[in-house]
Protein chains: 2
Amino acid sequence: MTGLWLLLSLFLGSTEAGKLLVIPSDGSHWMGMKPVVEELGRRGNQVVVVIPEASLSMGPSEHTTTLTYPVNYTKADLQTHLEGNLTEILSTDLSSDLSKFLVFFYQMHVLQKFIIRNAEGLFIKEDLMKKLQDYSFDAIITDPFEPVGVIVSEYLSIPAIYMQINLPCGVDTLASQSPSPPSYVPQRNTHFTDKMNLWQRCVNLVRTLLQPMACKYMHTEADEIASRVLRKKTSVMEIMSRAALWFMRFEFAFEFPRPLMPNMVMIGGMATKKPKPLTQELEEFVEGSGEHGFVVFTLGSMVSQLPEAKAREFFEAFRQIPQRVLWRYTGPVPENAPKNVKLMKWLPQNDLLGHPKVKAFITHGGSHGIYEGIYNGVPMVMLPLFGDQGDNVQRLVSRGVAETLSIYDLTAEKLLVALRKVISDKSYKEKMTELSAIHRDRPIEPLDLAVFWTEFVMRHKGAAHLRPAAHELNWIQYHSLDVIGFLLLLLVTVIFVTVKSCMFCFRKCFKKTQKKKKE
Amino acid sequence: MTGLWLLLSLFLGSTEAGKLLVIPSDGSHWMGMKPVVEELGRRGNQVVVVIPEASLSMGPSEHTTTLTYPVNYTKADLQTHLEGNLTEILSTDLSSDLSKFLVFFYQMHVLQKFIIRNAEGLFIKEDLMKKLQDYSFDAIITDPFEPVGVIVSEYLSIPAIYMQINLPCGVDTLASQSPSPPSYVPQRNTHFTDKMNLWQRCVNLVRTLLQPMACKYMHTEADEIASRVLRKKTSVMEIMSRAALWFMRFEFAFEFPRPLMPNMVMIGGMATKKPKPLTQELEEFVEGSGEHGFVVFTLGSMVSQLPEAKAREFFEAFRQIPQRVLWRYTGPVPENAPKNVKLMKWLPQNDLLGHPKVKAFITHGGSHGIYEGIYNGVPMVMLPLFGDQGDNVQRLVSRGVAETLSIYDLTAEKLLVALRKVISDKSYKEKMTELSAIHRDRPIEPLDLAVFWTEFVMRHKGAAHLRPAAHELNWIQYHSLDVIGFLLLLLVTVIFVTVKSCMFCFRKCFKKTQKKKKE
């Protein structure tokens, strides 16, 4: 293996090839990480990807070695618990904030179970852990959404790069010590924008103060595993605070501007590519839409079906628009389904969004779809389902490039109003074109940036020069509470001594005067 | 002019050439800005540089148009007041912190006078202002060290890019709303590092709290001019808060890691270039040093002389080292000056620092010299004189790549000890080589970055997507003080109502029990 490797390195002319360990997370997380990992392999680095035997979307990738570890669940379990669970949720009425929160909490709980089983699965496999140790990796790229990679980085004592997007409970801002003033940086899952009213700012402040506790709670089991594996009392958050770099899968054509730390690298929109021409069949369908154009509709990789009643509302709305519709849908089709709708198992989403005749994009608001929409400048109607999608939606709605609807109380009428608005009101398209221009206008491609910084960390064994001294302070010191206490003490002492001295002098003088008077 | 311009644009193949106004500041400030400005001109943008008629180092630059405005001082005045003042200071004993602060304050006062005269000079010249208006610039690059460019940006209503380095009173962090936790971000001119003890953190906190007042004081006259010129009550700080971008002339191989804002672009070390071969005469001199190598010594562009007694200490020290010395010095030379010292009016500093035989760099700690030293990996002995140099020095000393001495109580002995240390203790060279490797290893050259972002601002009429919502909050809102007040009020109300209700219930029950007892 190593011989072949050296040969490959020589062939590629790379003399500085490094050894990189990758521990990704499933689903869209892996989709976001894969391009970087494959490019690093292509450039001659030795890239080893470690994944569980059962997964929804992870598997061998180009120019990399994939190693698996057994887990006590199957792909079918994942499908039942994650995808099945989504279909179930879609049949429920979740219009209230409380029900949404409970669903979010429940989903996180289910996810956490699988996440913990991954960590248990890897660390129990001693021969694999030994093998990883023998590789002497230069660095690890991992998704901190799962603690397994985080713990491995500490176990192998290698610099860690965390590639992340909207971690729950703001792990990234806490672990990187990135200031997030609650007055204009909305907390995850609040669905607030960066312009909050007094009440929203109250909620946001309380949420900000509660975040460390929420993180602690979320990591309870992971912290136990970390302490057991590393044979010392530690926590996932503590390990994460030693990150070499944070790859942030966002950029400011999408995210609200907020403070960053020097070891954060923004790589949002990394996966977007120039659209390719459509197949002849698709081209004919969309060209047939004439001047009205067409609409693209998907609810992400995990939702290809809908409860029948809900689907009916969509069909009803589509029947009433002059546009043609391309819909990724595998559910039951009503007999009188409108002729302008083409149902497909899979859509070449980016290629469709890049077509000149596209008018709108109906999406759940996953980050991949959003960046493809922004890249191609297509106004959106957004139906957030779960996770970070509710927050994502706000970022586009507040920019005037999208409308949002709740999927839970959706009707054909509501959908029609929103769809007609984003298509006929020219401001949506104009603002989206502007946003697209800003997004595409960058000094360096985010993929190149991610590759550069990963190789930088491998070359220099970390990125210590980007690590703020904040990490060496405890909470009291960081917030200058000891300083404030000390200064107050100083002030009180000075006042006390001054008052006492004055009183002493006054008494002396007073006594003298009295004595004089008596005399 | 415009015809020629179009022709040039066509020739260069640039179809998106913009019109850029540049209002620089003198001395090392202009040295830092010149490469960007010239490169922007070379790329086919129409660049107009506006400078005062009298200046130390500013003048026509390549590929740009230079316009001047009259000022009521001469170049000789500048030389007398700034350079002459420095020579005078060097003869004084300034070893105490208070005297250093007073000198800093005095220097700032002198500088401010010239700065204000520049602003007065430009705005009085109505025909020039009219001409600038007629240009319809797409953007302005200016150095906020002088308010003149800041006010012009608002007067012409064009997006402003502020290129700055270590602005006094932290104008940049205040105006950009960049969080600077006083627990680990040392304030300018404190000479603290990012690791402070309790007392230093006390001083730093107080300094942080006083900064807004210091800025207000510093800008008193400038604010008056701004309000007069713009015909509305305004302040320089308010205008600066509308910055499109901040070009920060530092990077983290030098600066301590600290939070950044999205509209900050780090372009530190932009002016450093690959060293060129030396002239035959110089090459012979440095090669003649044998295995001992040579030392480069300059105190910056403004100090080429020293008081005789001080110079004697340097000559004495140099006599006792085996290295040869190249010293930029134009002062009186003692008769028995050592043979290993070569005095020159001007040194090819970067080329010398890039020579394989160089062993150490004696410098005042100006940012240009520092970046050239870092780029070429040369350990330093630093003699900070004024301005930001005291802070700069700490950044290198704390990294173990330099030693610092006070020029005010310098003796030959002290200099010898420091010089021998950085030359013979291998750790200085090792750490400097590492720092150099980090500094050189970047995904994109800082000059290209500066050029890209300037053209970005011209293309998109600003960079609104990078502007944090913090700017729309007042001080109370930003710090969530209204929210805290509101939450406290809510809490007090809840407690009050609860207690009252309990007491009411208790009284009711108590009365009933008493009644029953009576019955």
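What follows is calculated from the coordinates using simple rules that are stated; it is not laboratory data. Quick caveat: nothing in here was measured; it's all calculated off a predicted structure. Neighbour counts are summed over all protein chains in view; Cβ atoms, including those assigned to glycine, are modelled from backbone coordinates with ideal geometry.
The calculated FRET efficiency for A:ASN474 paired with A:GLU221, based on their beta-carbon distance and R0 = 35 Å, is about 0.85. Taken residue by residue and averaged, Cβ atoms of other chains lying within 10 Å of the Cβ of B:195-205 number 3. The Cα center of region A:366-390 and the Cα center of region B:95-138 differ in position by 49 Å.
When every alpha-carbon pair in chain B is counted, what percent end up more than 45 Å apart?
Pairs farther apart than 45 Å: 23 percent.
Among the cysteines of chain A, those whose beta-carbon sits 4.7 Å or more from every other cysteine beta-carbon are A:CYS202, A:CYS502, A:CYS505, A:CYS509.
Could you tell me the calculated FRET efficiency between B:LYS195 and B:PHE452, based on Cβ-Cβ distance and R0 = 35 angstrom, to the nearest 0.05? Using R0 = 35 Å, I get an efficiency of 0.50.
What's the average, rounded to a whole number, of partner chain beta-carbon atoms within 10 Å of each residue's beta-carbon in B:177-184? Write out the running numbers ahead of the final one.
Numbers: counts 4, 3, 6, 1, 9, 3, 12, 10.
Counting Cβ atoms of other protein chains within 10 Å of each residue's Cβ and averaging gives 6.
For A:VAL417, the label point sits 7 Å beyond Cα toward Cβ; its separations from the matching points on the remaining copies run 8.1 nm, from shortest to longest.
Computed over the alpha-carbon pairs of region B:280-440, the distance histogram in 5 Å steps reads 2, 9, 20, 24, 23, 15, 6, 1, 0 percent, short to long. The calculated P(r) of the protein assembly as shown, using every Cα pair and 10 Å bins from 0, goes 2, 9, 16, 20, 20, 15, 10, 5, 2, 1, 0, 0, 0 in percent. Residue order for A:CYS202, A:CYS509, fewest other beta carbons within 10 angstrom first, comes to A:CYS509, A:CYS202.
Placing a label point 7 Å from Cα along the Cα-to-Cβ direction at B:ILE476 gives distances to the equivalent points in the other copies of 3.2 nm, listed shortest first.
Per-residue packing, averaged as other Cβ atoms within 10 Å, sorts the ranges B:163-172, A:473-482 into the order B:163-172, A:473-482, beginning with the highest. When A:GLU413, A:GLU38, A:GLU403 are sorted by how many other C-beta atoms sit within 10 angstrom of their C-beta, beginning with the fewest, the order is A:GLU413, A:GLU38, A:GLU403.
Take every pair of alpha-carbon atoms less than 8 Å apart whose residues are at least six positions apart; their mean separation over the length of chain B yields a relative contact order of 14 percent. The distance between label points at A:SER157 and B:LYS19 comes to 6.3 nm (points 7 Å beyond Cα on the Cα→Cβ vector).
Annotation for A:TYR106 and A:ARG242: the two label points, set 7 Å from Cα along the Cα-Cβ direction, are 4.0 nm apart. Look at the dipole of the protein assembly as shown built from charges on Cβ: of B:PHE297, A:GLN46, B:ASN350, the Cα furthest out on the positive end belongs to B:PHE297. Its Cα centre serving as origin, region B:335-481 has a Cβ charge dipole (Lys and Arg +1, Asp and Glu -1) of approximately 360 debye.
Per residue of A:469-477, other chain Cβ atoms within 10 Å of the residue Cβ number 4 on average. Note: relative contact order over region B:280-440, using C-alpha pairs below 8 Å and six or more positions apart, is 22 percent. The lysines whose alpha-carbon is closer than 26 Å to the alpha-carbon of B:LYS233, local same-chain residues fewer than 8 away aside, are B:LYS113, B:LYS125, B:LYS130, B:LYS131, B:LYS216, B:LYS461.
Counting only DSSP H runs of at least 4 residues, each contributing -39500 (n - 2.57), and dividing by the residue count of the protein assembly as shown, the helix-based mean residue ellipticity at 222 nm comes to -15500 deg cm²/dmol.
The Cα center of region B:158-195 and the Cα center of region A:279-349 differ in position by 54 Å.
Position A:GLY59: other-copy label points at 7.0 nm, ordered by increasing distance, label point 7 Å along Cα→C-beta.
Return the percentage of antiparallel bridges among DSSP beta bridges fully within region A:280-440, rounded to the nearest 5 %. Write out the running numbers ahead of the final one.
Values: 0 of 18 bridges.
Once the DSSP bridges in region A:280-440 are tallied, antiparallel ones form about 0 percent.
Averaging sequence separations of C-alpha pairs under 8 Å and six or more residues apart, then dividing by the length of region A:208-345, give the relative contact order as a whole percent.
Values: 121 pairs, mean separation 20.2, N = 138.
For region A:208-345, the relative contact order is 15 percent.
Per-residue Cβ neighbour counts within 10 Å put A:GLU372, A:GLU281, A:GLU472 in the sequence A:GLU281, A:GLU472, A:GLU372, beginning with the fewest. Overall, the protein assembly as shown carries a charge dipole of about 4640 debye about its Cα centre when +1 sits on the Cβ of Lys and Arg and -1 on the Cβ of Asp and Glu, all other atoms neutral.
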